[in-house]
Structures are given as C-alpha cells and as structure tokens.
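First the structure, in the form of structure tokens, and then the observations on it.
The values are calculated or read from the model by the stated rules, or taken from the named source; none is laboratory data. Predicted model only: the values in this text are computed from it and were never measured. Cβ placement follows ideal geometry from the backbone for every residue including glycine, while neighbour counts extend to all protein chains displayed. The protein model used for the area step is the full one, side chains on, heavy atoms only, and it has no ligands, DNA or RNA in it. Shrake-Rupley method; radii C 1.70, N 1.55, O 1.52, S 1.80 Å.
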Amino acid sequence: MATSKAQQFQLIEGMELQITVTGLPNGSSVRAEFHLKNCTRTWILHWGCIYQGNNNWFVPSEHSSKQGALQTPFVKSGNAYVVILELRDPRVRAIEFVLKDGSHNRWLKQHNGNFRVEIPWNDLHVHHQIPKNLIERRAHKIWDRKGRPQSSAREQQIDYDNAVRELQTELARGLSLDDLQANSTVPVEKEVTSEPHQTMNNQSYRRKHDVQKWLQKYAEPINRNGSVQSSTLVELSKRSVGQENVISQKSFHVRNYEITVLQRNVKGDCRLWVATNMAGPTVLHWGVAKSSAGEWLIPPPDVLPDKSKFVHGACQTHFNDMSSREHSYQFIDINLKRGGFVGIQFVIWSGGYWLNNNGANFIVNLKSADSTSDKLDVDGKYILKWLLDEISEREIEAERSLMHRFNIATELTDRCKDEGEGGCIGIMVWMRFMATRHLTWNKNYNVKPREISEALERFTNLMEKIYLQQPNKREIVRLTMALVGRGGQGDVGQRIRDEILVIQRNNHCKSGMMEEWHQKLHNNSSADDVIICEALLNYVRSDFRIDAYWQTLKTNGITKERLASYDRPIVSEPRFRSDAKEGLIRDLTMYLKTLKAVHSGADLESAIDTFLSPSKGHHVFAVNGLSPKFQDLLNLIKRLVREENTEPLIEKLVDARIQLHPALRAPRTRAKDLLFLDIALESCFKTTIEKRLISLNFNNPPEIIFLICVVLDNLCLSTVNNEEIIFCTKDWYRISEAYKPHDVQWALQTKAVLDRLQLVLADRCQHYFTLIQPSAKYLGQLLRIDKHGIDVFTEEVIRSGPGAVLSTLINRFDPSLRKIANLGCWQVISSADAYGFLVCVNELIVVQNKVYSKPTVIIASKVTGEEEIPAGVVAVLTPSMIDVLSHVSIRARNSKAFRLMQICFATCFDQNVLRNLRSKEGRAISIHTKSTGLVISDGNNSDVYVRHVYISSVPRGVISKGKKFCGHYVISSKEFTDEKVGSKSYNIKFLRERVPSWIKIPTSAALPFGTFENVLSDDSNKDVARRISTLKDSLNRGDLTKLKAIQEAILQMCAPMALRNELMTKLRSERMPYLGDESGWNQSWVAIKKVWASKWNERAYVSCKKTKLDHDEVCMAVLIQEVICGDYAFVIHTNNPVSGDSSEIYTEIVKGLGETLVGAYPGRAMSFITKKTNLKSPTVISYPSKRIGLYSKPSIIFRSDSNNEDLEGNAGAGLYDSVIMDEAEEVVVDYSREPLIMDKSFQVRLFSAIAEAGNVIETLYGCPQDIEGVVKGGHIYIVQARPQV
C-alpha cells in the first residue's frame, strides 16, 4: 500500500492549512491534498514545482517543463476548502506556493517567504510498489554500466537509489511492472550484440510484443461514411440551442472528459455554446482573437456572460448546470455579438486541476456568419484556401533559393499552425512538390550553405513544436519532415563550403566538373548535392567507370539537363587521377556525411550519428527513458546496413523503433532528433523489406508469417489512430502461434485476418485521398504542376508509406493461402450460367438505376452489398468481399424465383483474372458455373440457350393490395393480423405462440397499416401533405430527385397527441425499455418518421418500378421491438443459398448488433453450415473480417414492415429502413481473444443451438426460412423470420 506524509501550517485569522502527500497505487504518481480549514472565503493556491538542483518555479507538463506558476482556486468540500494536485514527474522534489485572497487581492506568505512541501518520491513509493529484486537487478545494471568498479557500501546505496529513480521514471512514462520485469530478465548485451540468426528456425516466426501499449488515438472517431461521429454531448447541445442556427462545431477529448463548442448565428450575432461533461464546479479561463487564431486578448466587457470576472489578462466564467433524466452536463453561452472575432482560446479548471489540449490551449476558429472565405470547398473536402493562395503568390520569391523557401515555409506554418489539419497539409503538399523537383530550387540568387542550413533548422524546429503541442497532426508532421533535411546552426552548413575545398586540394582536382560543383555548392547547395556526391563515390569505387556516375544520377532523377540548369551549371564529366582513388573515397565519404547532416533528414547513418553526437549530450538517453544499451543497438544496425545483411537487419530496425517509441510519444528533450531517427529507421526498414521480397518464397508460410509480423509491428509504430491495426497485429500473433502445415482451418483464419488488413489499408488510402488530394489538386493547379504529377500525388505518398509493402506481401501470399484452404480464385454467391457483353464500372451503385438494352456482364470495382442490380444485367463480378446474405446477394439469387433473368454474382480474388477480363470490355463473354468456381470464355454460338432465357424473361408485375387504417395508432402483438401489419410482425406473433421456451422472442408492438396516411391527413400536417402531393406528381413524371425531398417533407410531420399517448401506454404495458419523457418521445417520433420515409428511398422505389409494382399501393406498418443488446447477431437460411442444398442450414454471425451483417458494413461475417441430420457438428466455412461491431444500450427499434416484403414472386425484404431509437455505438472489433474463434467447444455449442433454432422454425412453417436472431448470455433470441426465397 502507498505511504503518506502530512504537514500542517497555522495561518492568520485562525485558519489552518493541512497538506497530505500520498504515493498513488500506480507507483508512478503522487497526490498532494491541500485542506484549508476555518476560512470564510475563497482562496487561490499560487504554486510551482521545484526540481532537484534548481530553485526556480516550473509548471509541470507531461512533455516538457517551463518556468512559471499556476493558480488553482480552493473548492468547498464539507467544512473545508480543498485543492488536489497530482504529479507524475519524479524529478519534482518540492512544491512551493503562496496563498492569494481572491476577494481582497492580498497575498499570504510564510515569514515573507514561500511555503514549501517536500515530495519524497522514494519514501512514498519504492519499497511498496517496486519489487526489491527488480530494484537490485537495475542497480546491478547501473554498476555494470560504470565498468563494475569496487564499490563501498555508500556507493552501493547510491546505485540502489538511482535504480529506484530510473524505475520510477519508466513507470511514469506508462510502463507496467510486468514490462519492467520482462525487460530485466533478458540481458541487453545479448539482445543487442549477439549475432542474429541467418535462417528461419521453427520458432522465429512467433514474434510477439505487447502492441496494445503502442495505441495512438488522437483524432475523433470516423464512421463508415467518413464523417466525424456525433457524440451524445454534441446532440444534447444542439437540442438545447436549436440545430438550425449552428454553423460550426468542434469537440475535444481529454482523459474521460469531452468539451464541445458550437458556433451559432443568432440574428447576426456570433454566439458560442461551450459544453462539457465534467462534474462539480468548473471554470472557463478564456480570451479572444481578432487578427489570428493564435492571439489571446481580454474579451471586451460587453460580451461577458453571467458569473464572469477578469483575471490577469483573461476572463474566467463559471459553467451552468443542465440536466435531464438521462444526462447532465455543464454549459456557458457566450454572445460575442458582431465583434469580428476570428477565434477564442481557453483552458478549463475542474476538480482541482487545469485541463488543456495536450499541453496547449484549446483553440476554436470562428466562421464568419455569411462567408466561408477562410476555407474553400473543393471536391467536397475543406482546404485552407488562404494558405494555398499565398503559397502560390509567394512561389516567385521562394524559387530564388532554398533559404527563401524555408524562411517562407516557417512564416506560413507559424501563421496556420492553429488552423486545423488543413494548414499542415498545405505546407506538406508544397514541400513535396519541391522535393519531387516540380518546383525551382534556385533562380538567380547566391546564398551560403550556412544560410540554407539555418533556414532549414528554423523550419524543422517549428515542426518539432507542432509535433509536441498538437498530437493530432503528428502524421502530417512526419510526412513533412521526411521530405526535408535537418538543417543546423553554427558551422553545420558552413562545413559544406569549407570541406569541398579540402577535397579539391587533397586530391588535385581543382578544375573541370569538381570546380563546377564547387561553384554550385558555394552559391546554392541542395539535396541534389547528396546524389552528386554518391554518384562520384560510385564512379571512383568502380575504377572510374563513367557509366556508374551517370547511372547513379539517373536512378535518383538527375539528368544532364538538370545539371546544366543550375545557376552555376555542371556540364563536365568527372575526371580524376587514378592514384587518388583511396583519398577520394575517404574524403568523399566524409563529405557525404556533411551533406546528409544538412539535406537528408531521413538518412539513417546521418540520423544515428546526430542522435549519438557527443556535442548533443548523452542525457537524451536518461531523460527520455532510453537504455544506454540503445547506442549499441544503433551501432549494430549501422554495421548490418553496411554489410547489407537484410535478414537480421529487418528485425533490429523494428526493435530499435520499439525502444524509441515510448520516448517519441512524450519526448522530454531533443524531440526533433528522436523524430528524424525514427523516420530514418522506418525508411531503411521499407527499403530492406523491398530487397527481401526479391528472394522470398511465398510457398513457405513460416517465412511469410515472420515477415508479416515485423511489417505489422512497423506499421503499428508508424500509424496514428492505429487501434484497428493493433487488433489485426494481435490477431496475427494468434495466427502465428496456431500455424500447422497444410491445415485448412488455419488457412481460412489467416485469410480472414489478411482480408481485414486489406480493408484497413484500403480505408487508410481513402483517408489519405480525402485528407491530402484536394489540397494537392488546388495548389498544383495554382503552381502549374503537370496534370500527371497532381493526379498521382497522394498515390505516391501512399506508396512511400509503411502500408505499401504489407499490401504487396498479402497479395503475393494470397494464392498460396487459397491453395492451402482449397479455395479457388472465385467465390460464387449466386450460381448461374450467363452470356452478355462486358461493361466495367468503378461502383455498382452508380449504375444501379440504369437499364441495359442487351444482356450485360458488369465488372464492378466496388460493391457494398446494398445496391440493386441494374435491369438487363446477367452477371456481376467484383473484387469486393460481399456477405452471402447481403441485400445484393439475395437479389441476385432471388431474381431466378420470379424469372426476371438468371443473374450470376461472384467475387474474384485474383487481380490478374480481373485484369484480363477488363481488357475484353465491350465484347461478349460466356460464364459457366462449376464446382471449382467460374469458367469464362469468349461468347460463341453454343450459348443460344442462355441468350434465349434472357430475351424471353420479361419482368411481369406483382399486384400489391393496399391496406386500410384499423382505427388505432398502436397495437400490441396480441392484436397482430395480416390486415393490420405486415408479415414481419405477423410472423413474430406466430413464433411467440409456438416456439419452445429455450428460444426467446422479444416483446413487440406495432403502428399498423394506414397510420402514416391517417397522420398525414391530420389538420396539423396539411401543408406537408400538399407538398408531398406536388412532389409525387413530379416523381411520377420521372424526376427521381424528388425522392429525397419527399423524405425530408415526411420528417416535418407533426404527431397527433393520441398517437403519442397510445404509444406510451402500449410500450409500458409491454414492459419495453421506453422513457416517456420529452427526449424519449422526440427520439421515437423521429425514428418512426424515418421508417415511413424509407418507402421513398431510391432503391425501394426503383425496385417497385422494375417489378411493375404500384408504388402508391405500398403500405408501411412499423414493428416496434425491444433491442436485445446481445453478444452476437446471426442470420440463418435453412436452405443453403450458395449450394442450393436443402439438407444444409447456412448461417452468418457477427459480434454485436445485426446491422453490420445486413447493412453495408465492410468485411465478411463468420459463416458455417450444419447438416440437418447432424446438428451437433457445424462446419466453419469462413472466419470474420468485419471491422466494426455495433452495440446499443437498452432501447427499442422501429422496423419497417410493408405489405410487399414477402409477396410471392417478389423479394422486397431489406428495401426499407429500421431505426434504433438510441444510436448504436460503433466499436472496432478485436478477434485476437474471441471465444467464437479460440474456444472450439464454445463454438460448437453455440453454432449447434443456432442451427437447431433454425431447424425448429423451418419445421413450424413447413418451408425454408430466412431468420434473424441474437445471442445474449448464451440464450437464443429470434427477432424476425420470413420465407426464404
């Protein structure tokens, strides 16, 4: 248990201050509690931290420490006033403070000096929190590092105390005791210096790390549509202020707290709603900005809200409480009027702590009410237009020299650093256009190398500052710093100028090419000089073969024309004396290091040398928590690079990054050197892996398993928002440990993990395109970059990133893996022979409403599962992984039931097959289904039968009979009849009365047929009814754009009071989890209207037209059910839809709610088949690659239940929407410990029970069934059943 120290001070007027300092159980923090007793007014603690050997006051920070003080108000707690401070930095030796009387503006000191509280870290933590054997082992390492001297008892005690401090520092950085124990059991010398194995042994591919420690989440969660998810706090705030006036919103997440800022335009005034979910007294400490977002000014008195006061250059405003039955939060409403402010900055005090944004202030940029001049919407994505416009205007100045360019870049970066990600992206795009030589580096201007180096130093120092203060921008900062050199002050740049003269003098080469190069170096050195130096070295090493010189230049993009284009042109070829070879190699090698030190930030040897440079100070190791043996590892890596020993180098590079990672996440000193070193390690890793690919045997799984392991480790370390990659890596570790040669189930599981990784990589590519390409396109056009350079900009960024090599590994391993799993290159989802003309499209959804006049085979690069199959299409082929039970899959199979046409639907896993097919676009092909997949050939006369089927299969209409209103707005499940509700609701009643007790049916109610029409005819909805009637007239004339307008009009409908009362009464009587307050009713009413409106969604409307249904006769009941917050959701087809085998039950199952299964969520579900004659032996045929699980609190769901969903000859199911009253939460799924996969006995029990439930229900109906259900706590719930068509 932790130890406490107490101290007491007697103050004026009988006041007493008691201070208790306690070591917290985590072993890495100290809590100081200040209790002020016998006082009648609020005091403020004015305090700072004292570090060992320094009497100045410092402000504590997780990243760095700076001189200064903090003020923390005391908060009333019982009979005392309290301040609680938590310290995480073991370097803090004391807290000094004075007390300030806030009401009388007076200060209280101790005998004219400061109060002081000692923080005895050792006494508070050591002996109770850190095991003695761990301390002793660390003390032994310290003694060993000193050279194992003869030590006195006193010196041994000093080593012991230093060991305690080192361990405390590592605990403070987030390492656990288990981590420290594990690290201490393996001698570092062995890990670093032992010669790595040269060949794979049986255990080498079972590499495993605690990757969960590498989690980096800085940005807000992204939903499947790519937009930022809206939190409960945001929704509550919008509900309070009114959605219609909100023109911008921004949310911050700190620890477990959320802060939301809504900007509103109210009658021309700019109003800010600042809300937070913090509890207890909370204060906003804020200022405003007039000229730039980074400015902090005192707000004018006329904009101060209630409960505000001015304090030392800022305003402090107390939050107000807001609460309902479900939620409570605090808010401040600030009316900035028409003050022309461009932003606000703030920090928050709550619970005795100051909260900031990762060491910086919270900053909110304000939009003009009638203008978006700061940002331009390009291709639907925001870019920072003013920045890109100014870059374009100043490019003429920037192209004078690299000094000018980097000075301008520093200025613009400083101005835009608080403008969101768009600012850093714009700078990165500009730097990349420069680095790829699309821009001029020097034009009619002479500049010293020292001046370029110093300009580059200023720019990279600013990038370092952004990296530290704005973690959400770290990914863009890394991309930017990988493009530029390190720079440096003092003689770093000057050495470029001086050392070339030494080379010329020592090696007798003062004329020709070397003099031309000398003149260029003196007047405008650049990154090209690194390549020129490497070319000269290769020329000399090859015994002066001139082709080696030109080949090196060509490989790196430097031509004769470019050499001649410099202000000081290089037009001669190198010529050296043969006896100067050794001297030239020695001198040019050293000069290359000088050039790289300035121009090549991502060069590994230069990055290591700089990091280890004595002039920089070795305290970088201790301060950043790095082992001194890390130096040995870096030196080993340098040796392996020189030896080109790729096998051990791959592992050591990642090991170095792993050791570097904790320091890089929260660097305490030399962050730039840490970052450049990590970038260089990553760059070298990519190059080394690419070399290894050349000789890789993809038919040897252990070899591939190991490489994918290290590539995944590297990707986790390189990626921001890496939660899903970490989960995939943990899953890959599981796969690695489970490997068995030629094992089909292992291959299926491995395939699922790799399929998910492909989805993750594709999503990250799309994220980059969304983030970067709009700025690249806009700036590229302004700068007159060639179109190809603009078009491939983001693609090249992705290819140079850490995910590209993983994609290559997966694609090349896939054929071998499919062979082990007995999978062909096709997954046939709907089996049919077909003949048609080939058409290639990017997305199926784009052409779903098109009517093809002749039989057509579509190759669609993307299919989500929600689309309709266009009229005239006989086959759809795609590389997308689609659930067998998705909407589009069912439509493809069911098309045969009502003789529209035979439709073949299949996924192809071989890009070469698809590439060959795409080359035949416009030509006729024949498709024949075999047990091994598809056989595709050029169309010929033998396909007359297939063509006849197509031509003779003309769609015929299915009459849908309208329904009448029964007189009640809401009915219970006992009142369900086929005249009042659809088959979805009626089947629930049927099952409830007949299934055995072990099969659960959720409680239900319904809004019957005709309710929508009755509510629409109410007097309160006359205007809405007229608008819908007008829109329907346009729709009937073929204007499909009116569908959306009709849906929006329905959402404006008002509810009769009788509907509200009936709904609340019925749901209470059914004991459903429904809150009858205003909030619950509003959510319910919106959900009901969304279900009604889904009758007019485009897919449903087009489907009706295709099948000649009268859309006006479609009636919509609404089934209301309790949401079963289950562990898993499943869909059963009691007749295997893939093989058509009626003796097999086919099931797909996912984690969480079933929407990820029936909706367009990427990835495949887990699937299994069960023989009806042997329900206890299910066979898994695919493992899950679904990325998201949906989870909901207890709630209710409103399900569409139309009168045309299960008509004979029409597959209407899935066309309309179901809406959960409380929005479900999307959770990234971790399969690495999933019992559904790991626990075979659990899997068999559960799958057998699901299959038995399907068999029972099929028996009850006497025909194949399509069943949806949920598993909760081992119990089976059936939420829906209908005939399988």
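Points worth noting:
- A convex hull fitted to the Cα coordinates of the stretch 1175-1285 yields 146 cubic angstrom per residue.
- With the highest mean first, a sort of the peptides 593-604, 1264-1275, 831-842 on other beta-carbon atoms found within 10 angstrom per residue produces 593-604, 831-842, 1264-1275.
- Net charge, H104 excluded, C-beta distance under 12 Å - Lys, Arg +1, Asp, Glu -1: +1
- The stretch 983-1105: C-alpha gyration tensor shape, a/c 1.5 cut-off, then a/b vs b/c: oblate
- The angle between the Cα long axis of helix 1057-1069 and the main principal axis of the chain comes to about 80°, on a 0 to 90 degree scale.
- Amide hydrogen neighbours beyond the local backbone of N54, cut-off 5 Å, H modeled: none
- Förster-model FRET efficiency, 45 Å R0, E86 and Q766, C-beta, rounded to 0.05: 0.65
- In terms of its Cα atoms, the stretch 248-345 spans 40, 32, 25 Å along the principal axes, sorted from long to short.
- Extending 7 Å from the Cα toward the beta-carbon at both Q243 and D1018 defines two label points whose distance is 1.9 nm.
- For S152, solvent-accessible area (1.4 Å; no DNA, RNA or ligand), Å²: 50
- Rounded to two decimals, the Cα radius of gyration of the stretch 807-862 over 2.2 N^0.38 Å is 1.52.
- Placing +1 on each Lys and Arg Cβ and -1 on each Asp and Glu Cβ, with no other charges, gives the stretch 730-853 a dipole about its Cα centre of roughly 140 debye.
- Surface listing: C1125, C49 arranged by accessible area from highest to lowest gives C1125, C49, probe 1.4 Å.
- Residue-span extension gain [H253 to S937] - 0.36 nm each, minus C-alpha spacing: 240.5 nm
- With all protein chains kept in place, the per residue accessible area of the chain amounts to 42 square angstrom at a probe of 1.4 angstrom.
- Helix-only CD estimate at 222 nm, as mean residue ellipticity for the chain, using -39500 (n - 2.57) per DSSP H run (n ≥ 4): -13000 deg cm²/dmol
- Sites T1065 and Q8, calculated FRET efficiency, Cβ-Cβ separation with R0 60 Å, nearest 0.05: 0.40
- Gained length - E235 relative to S291, 0.36 nm times residue gap less alpha-carbon distance: 17.0 nm
- Most simply put, the chain has about 90% antiparallel DSSP beta bridges, counting only bridges with both residues inside it.
- Between T40 and C1054, the contour length at 0.36 nm per residue exceeds the alpha carbon distance by 359.6 nm.
- Net charge of Cβ neighbours under 9 Å - reference V805; Lys, Arg +1; Asp, Glu -1: 0
- The accessible-area ordering, largest first, of the residues R91, R891 stands as R91, R891, per a 1.4 angstrom probe.
- Axis angle, to the nearest 10 degrees, between helix 803-820 and the longest C-alpha principal axis of the chain: 50 degrees.
- Against the empirical 2.2 N^0.38 Å (N residues), the chain has a Cα radius of gyration ratio of 1.04.
- Cβ-derived FRET efficiency at R0 56 Å, R799 paired with Q157, nearest 0.05: 0.50
- Under 11 Å, Cβ to Cβ, from A871 - net charge with Lys/Arg +1 and Asp/Glu -1: +2
- Cα gyration tensor shape of the stretch 489-560, rounded if a/c is under 1.5, else prolate or oblate by comparing a/b with b/c: oblate
- Computed label-point distance, nm, for sites K217 and H327 using a 7 Å Cα→Cβ extension: 1.9
- Mean shadow area of the stretch 547-609 over all directions, Cα convex hull, nm²: 5.6
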